[in-house]
Amino acid sequence: MVEQVRKLLDKRLKTPEELEKLRQSIISDKDTSRILISVCGGTGCRASGAEAVVDAFAEEIERLELQAKIEFKETGCHGFCERGPVVLIGPKKIFYQHVQPEDVPEIVAETVLQGKPIQRLLYTDPATNEEITYETDVPFYKRQTRLILGANGEIDPTDIEQYIAAGGYSALSKALFHMTPEKIISEVTDSGLRGRGGGGFPTGRKWQSCLKAKGDIKYVLCNADEGDPGAYQDRSILEGNPHSVIEGMIIGAYAIGSNNGYIYVRNEYPLAVERTIIALEQAMDYGFLGENILGSGFNFTITINKGGGAFVCGESSALIASLEGKIGEPKAKYTHMSEKGLWDKPSLLNNVKTWANVPLIVNKGTDWYSKIGTKGSKGTMIFSLVGKINNSGLVEVPMGITLREMIYDIGGGIPGGKKFKAVQTGGPSGGCIPEEYLDTPVDFDELTKLGSMMGSGGMIVMDEDNCMVDVARYFIEFLKGESCGKCVPCREGLAKMSEILNRISHGQGKPEDIEVMTDLGEILNNGALCALGRSAANPVLSTIKYFKDEYLAHINDKKCPAGVCRELIEYSIDPDKCTGCGACVRACSTNAISGEKKEPHVINQGMCIKCGACYDTCKFDAVIKG
Amino acid sequence: MDTGLDFTTIQTILESNAEKVEKLIESYISKKEQLISLLQDVQAEFNYIPQDVIIRISQRLEIPLSQVFSVATFFQAFSLKPRGRHTITVCLGTACHIKGGQRLVDKLGRDYDLKPGETTEDMRFSLETANCLGCCALGPVVVIDGKYESKVTPDKLDKILKKYE
């Protein structure tokens with residue numbers, strides 16, 4: 001026990017020089033002749049079986065006693081979740097996709113020991129049919145600027161020394177010993193960094209008003225309640241590089257004069273919680289948190305709080321209520337959070353991505369940072385490019401890249417030769433953008449002009465098989481369920497809109513519905529208490545604006561052109577294509593399909609519940625939806 | 001309230017865990033603002049939040065019962081009813097929705113008589129839905145007892161569930 005305590009005490013770095021010494025010794029102690037194998041251990045790859053691959057590598061390395069030759073690590077999310085489990089090998093980063101435990105002995109024998117790539121595990125570019133060996137050549141990665149996510153594939157998030165070796169905590173050391181709080185804030189202001197959580201508020205201004213706010217006790221908060229469905233970048237940062245967020249928070253705390261911080265993270269992200277807790281403990285052990293950080297005299301601690309699964313808690317005042325142990329209801333903001341936030345004390349709340357940008361800005365300077373991006377939006381943004389897209393995953397690009405570049409060059413277009421219909425950005429507060437605006441540069445202001453928003457970076461691609469009325473209905477249902485119920489426009493407005501949209505998708509739409517919803521949308525925009533309610537009508541308003549024809553088809557013709565709204569479609573069997581194999585009969589849970597073996601089958605419409613099981617099962621495309 | 005468990009069973013479970021509950025609540029005495037975390041710990045222990053525990057928390061931490069109850073009912077993560085041996089969470093985030101997540105919920109309702117927030121009669125499964133589990137590239141996603149399953153179809157779901165008794 002005494003030994004353990006001593007060891008802990010010894011690890012605490014007492015000066016910036018000690019930090020540099022430690023960094024140098026980690027780097028020089030590293031055996032660079034060892035070949036690096038890194039397996040993505042993010043939640044996405046784990047869902048595809050990465051844990052078994054990690055175990056297989058560990059066993060194989062032990063079996064062949066290759067510990068001296070191989071450096072093996074499980075890292076955070078590499079971003080290309082679609083292709084998981086993803087494995088990178090060697091300094092040139094040979095990129096293997098869909099790796100299974102059975103592949104491991106071959107990878108070690110062929111690639112690691114002999115440098116030979118294994119063809120079947122390589123990525124094939126769908127555009128050129130070319131096999132690509134190295135990660136840097138994969139189109140998905142080639143066009144990205146991975147300032148924040150880059151380290152995810154390099155470091156083991158459970159080992160603080162790897163973060164230190166990669167330059168970690170040097171920004172903190174610089175801020176504490178070479179910058180005044182005012183200087184830090186002016187750097188952040190001049191960098192042009194805007195809040196990455198959705199609102200896009202200038203970060204420096206927030207910091208400035210928090211610095212000026214009166215009070216001995218101030219709080220620094222990290223919003224990791226990433227509730228936007230379809231966005232998971234905050235999760236990946238906390239899972240893959242939690243120290244970058246912690247370092248940003250400590251710098252922010254020093255700048256505004258705070259000694260206590262909180263990270264509010266979703267309970268739905270168990271791995272992010274686990275790794276953040278480990279990172280906080282290690283940061284404490286090494287003296288980056290706690291008292292007298294690096295001998296500067298500055299004290300700061302961070303507590304982690306798990307959310308209870310309410311979307312509204314991503315809203316600042318609701319998040320604070322939840323941190324105080326109350327239900328997550330937003331408050332009207334007569335005073336700013338920077339003056340009266342958590343327990344009525346000045347509080348500085350930033351998103352995970354915003355915090356992760358801070359060490360970069362401090363280290364590399366305003367000039368460097370502000371060169372990236374557009375006039376009004378600086379730096380990079382991380383998008384989760386998902387939905388009907390070939391290369392789905394997390395994408396980090398400079399602000400200002402066009403939607404088309406993102407969807408076609410990085411995302412590789414729409415799968416199955418289907419036609420692009422819309423891209424939904426900004427989560428439930430955002431909107432759907434149609435094809436004609438694909439050349440719009442993506443930044444905070446441009447997306448807002450299109451009636452959508454940046455939000456926390458969700459980018460969900462939809463094709464011709466997606467019904468825009470259904471998408472609007474989905475979001476309104478979601479928001480109705482998540483509305484805290486405190487203010488009337490949000491509570492009643494969303495209930496009414498949901499009723500109308502449900503009616504339309506059931507074929508009972510009325511001609512006046514579109515106008516009523518537009519009016520309701522305006523009321524919500526102007527009258528709701530918090531940002532969630534004020535933006536809640538965006539999914540409806542943007543789909544009405546760009547896809548009015550689809551609404552009219554539902555309302556007037558009682559048809560769902562995309563074949564999604566169940567009440568408006570019918571399944572039937574094409575007798576010319578049906579081989580009578582009987583697969584659909586077995587799939588049908590209501591026994592609605594009948595027919596003789598090897599003869600065309602028929603669907604009894606009275607018994608059909610339109611679940612689509614037959615459509616999915618048929619290998620001969622004989623089931624027709626329409 | 002029909003919990004599927006008889007009253008004596010619940011009593012026994014609680015009594016045998018009384019000490020554990022006390023200890024857990026005790027550890028939050030100095031940080032009663034972390035009520036949500038405490039309720040999460042209780043839920044992790046019992047798989048739901050028993051009524052007695054809500055009362056006990058209110059007494060020990062001196063938080064009004066109404067506040068403990070409102071927090072326990074406001075957040076989606078908490079269940080006041082005992083849950084089945086296995087918890088199925090179907091993701092209904094946008095990416096999963098457009099790839100057919102709802103069809104999985106429909107299927108569970110149809111073939112297993114299991115609706116969101118409910119438990120099967122034999123206490124085998126409870127069903128929850130989530131707004132987004134953050135595996136958007138691999139939708140539709142289903143999590144069973146913490147294990148993630150990706151690109152799940154109604155057909156595949158049947159096969160997966162066979163593994164859980």
Cα gyration tensor shape of chain A, rounded if a/c is under 1.5, else prolate or oblate by comparing a/b with b/c: oblate
Could you list, in their original order, any pairs among B:LYS23/B:LYS115; A:LYS619/B:LYS151; A:LYS306/A:LYS340; B:LYS81/B:LYS151; A:LYS418/B:LYS151 whose Cα atoms are separated by more than 27 Å? B:LYS23/B:LYS115; B:LYS81/B:LYS151
Near the amide H of A:THR402, under 5 Å away, which other amide H atoms are found, from residues 5 or more places off or on another chain, if H is placed in the peptide plane? A:VAL442
Quick one: order B:HIS97, A:HIS178, A:HIS98, A:HIS336 from most to least accessible surface, probe 1.4 Å. A:HIS178, A:HIS336, A:HIS98, B:HIS97
For B:73-83, mean number of other protein chain Cβ atoms within 10 Å: 4
Could you tell me which of the pairs A:LYS480/B:LYS32; A:LYS597/B:LYS156; A:LYS345/B:LYS32 are separated by over 22 angstrom between their Cα atoms in the structure shown? A:LYS480/B:LYS32; A:LYS597/B:LYS156
Suppose accessible area is computed on protein heavy atoms with a 1.4 Å probe; arrange A:LEU172, A:LEU211 from highest to lowest. A:LEU211, A:LEU172
Taking R0 as 41 Å, what's the FRET efficiency between A:LYS510 and A:ASN604 from their Cβ-Cβ distance, rounded to 0.05? 0.80
Residues in region B:35-53, backbone N under 17 Å from the label point at B:THR73 (7 Å along the Cα-to-beta-carbon vector): list them, ranges by number please. B:49-53
Would you tell me the accessible area of A:ARG566, worked out with a 1.4 angstrom probe on the heavy atoms of the protein chains, in Å² to the nearest 10? 80
The protein assembly as shown: calculated mean residue ellipticity at 222 nm from DSSP helix runs of at least 4, using -39500 (n - 2.57): -11500 deg cm²/dmol
Stretched fully, the stretch from A:ASP159 through A:SER572 gains (0.36 nm per residue minus C-alpha distance, one decimal, in nm) 142.9 nm
Using only Cα atoms, find the angle between the long axis of helix A:242-256 and the longest principal axis of chain A, and express it within 0 to 90 degrees, rounded to the nearest 10. 60
For a quick protection proxy, order the peptides A:102-112, A:120-130, A:67-77 by their average other-Cβ count within 10 Å, most packed first. A:67-77, A:102-112, A:120-130
Run down the lysines and flag those whose C-alpha is under 20 Å from the C-alpha of A:LYS510, throwing out any fewer than 8 positions away in its chain. A:LYS496, A:LYS545, A:LYS548, A:LYS558, A:LYS559
Which whole-angstrom value gives the distance between the alpha carbon centres of region A:49-74 and region A:405-425? 37
So how far apart, in nm, are the two label points at B:ASN47 and A:GLU18 if each is 7 Å from Cα heading toward Cβ? 4.9
Suppose every K and R has +1 on its Cβ and every D and E has -1 on its Cβ; what is the size of the dipole of region B:86-161 about the Cα centre, in Debye to the nearest 20? 360
For the table A:LYS364/A:LYS388; A:LYS183/A:LYS206; A:LYS486/B:LYS147, the rows whose alpha-carbon distance is greater than 26 Å are A:LYS364/A:LYS388; A:LYS486/B:LYS147
How much of B:LYS156 can a 1.4 Å solvent probe reach, expressed as accessible area in Å² and rounded to 10? 80
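The values are calculated or read from the model by the stated rules, or taken from the named source; none is laboratory data. Worth saying up front: this structure is predicted, and the values here are computed from it rather than measured. Every residue, glycine as well, gets a Cβ built from its backbone with ideal geometry; the counts of neighbours run over all protein chains shown. When the accessible area is computed, the model is the full protein with side chains, heavy atoms only, and any ligands, DNA or RNA have been set aside. Shrake-Rupley method; radii C 1.70, N 1.55, O 1.52, S 1.80 Å.
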